[in-house]
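Just below is one structure, and these are the notes that go with it.
All of the numbers you see were taken from the coordinates with simple rules; none came from a lab. Keep in mind it's a predicted model, so treat the numbers as computed, not measured. Note: ideal-geometry Cβ built from the backbone for every residue, glycine included; neighbour counts use all protein chains shown.
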Ligand code: SAM
């Protein structure tokens, strides 16, 4: 499969403290001068686009806390060869930023919310912003950052009681609610035993709403499987990154906030592009390295758990 998607962690910082990603005591941030500047991100995207990478997603950390995020969106959206620019956010700042992001050229947005209920949202994220995030989701729909996708990581004993309420959002709203299997990435984060596999989550939904029907989602670039609750406005998705292996169809690369390209989330292999850029390497030289990374991407197959610990916020989930 052609490798045409790039996920960029634009910052490793975040305004939430999700137990599976960035727990309270995790303060190991990348120094500010090591984080890629807007010009550097723009150049890397332009060179990747020359190599056929036409879909770009901004993530983090929390991309909306990066001060120059809107101008970065404007520049990347206007880059020749970029056909789709999207962003993944926790939605805390979305209500006030949705309009400007749309105007800057963002095509659509994914919003993470693991619970609609205050106490389990707070248990996971450290603070309760659940109603703020829901307002942000409605605003994103209103301004046309569509189709809006909602990401939820379900942890046994913490928010599994929210599966039905989250799935029900897809009945009235034109959103796709995607359940992502928890991937333990470090000994620092949530216990691996709290992982809930896709089939268990699906059973909870089918017990509540009846059998799910297959759905075709127009703009899905990734590994999610899509279904629908009968007569619903939206859809349900599952990203079963642990219980299934989809390496052969994986079409994405990741750019870490300090400028390393990671061809596979589960492999420790990474290539330091910032070093090349800061050494003033000419475009042809950087492009050659990017082409080699793309060509070698499918050497990383059939790994479905991390080969070593890593930080999701640096790599870009
Ligand atoms: N701050 C933004 C957000 O919350 O969406 C973007 C970054 S966050 C790392 C991107 C996505 O990765 C979120 O949907 C989050 O739930 C998911 N994620 C983070 N750590 C994860 C893990 N260990 N296993 C599965 N998904 C994870």
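Assorted remarks:
- Separation of the residue 285 and residue 309 label points, Cα + 7 Å toward Cβ, nm: 3.6 nm
- Simple label model, 7 Å out from Cα along Cβ direction - residue 70 to residue 99, nm: 1.0 nm
- Angle between the chain longest axis and helix 198-209 axis [Cα atoms, degrees, rounded to 10]: 40 degrees
- R0 of 35 Å, Cβ-Cβ distance residue 213-residue 245: FRET efficiency to nearest 0.05: 0.85
- Helix 94-104 vs. the chain, principal-axis angle (Cα, 0 to 90°, nearest 10): 40 degrees
- Extending 7 Å from the Cα toward the beta-carbon at both residue 31 and residue 128 defines two label points whose distance is 4.2 nm.
- The chain: calculated mean residue ellipticity at 222 nm from DSSP helix runs of at least 4, using -39500 (n - 2.57): -9500 deg cm²/dmol
- Between 0 and 90°, nearest 10: helix 38-50 axis offset from the chain longest Cα axis: 90 degrees
- For the chain, the relative contact order works out to 22 percent when only alpha carbon pairs closer than 8 Å and six or more residues apart are counted.
- Sequence ranges 64-72, 77-85, ranked by mean other-Cβ count within 10 angstrom, highest first: 64-72, 77-85
- A simple packing score, the average count of other Cβ atoms within 10 Å per residue, orders the peptides 232-242, 284-294 as 232-242, 284-294, with the highest score first.
- Tail fraction, Cα-Cα pairs, the chain, threshold 31 Å, whole percent: 26 percent
- Computed log₁₀ I(q)/I(0) - Debye formula, equal Cα scatterers, no solvent, the stretch 134-254, q 0.11, 0.23 Å⁻¹: -0.38, -1.41
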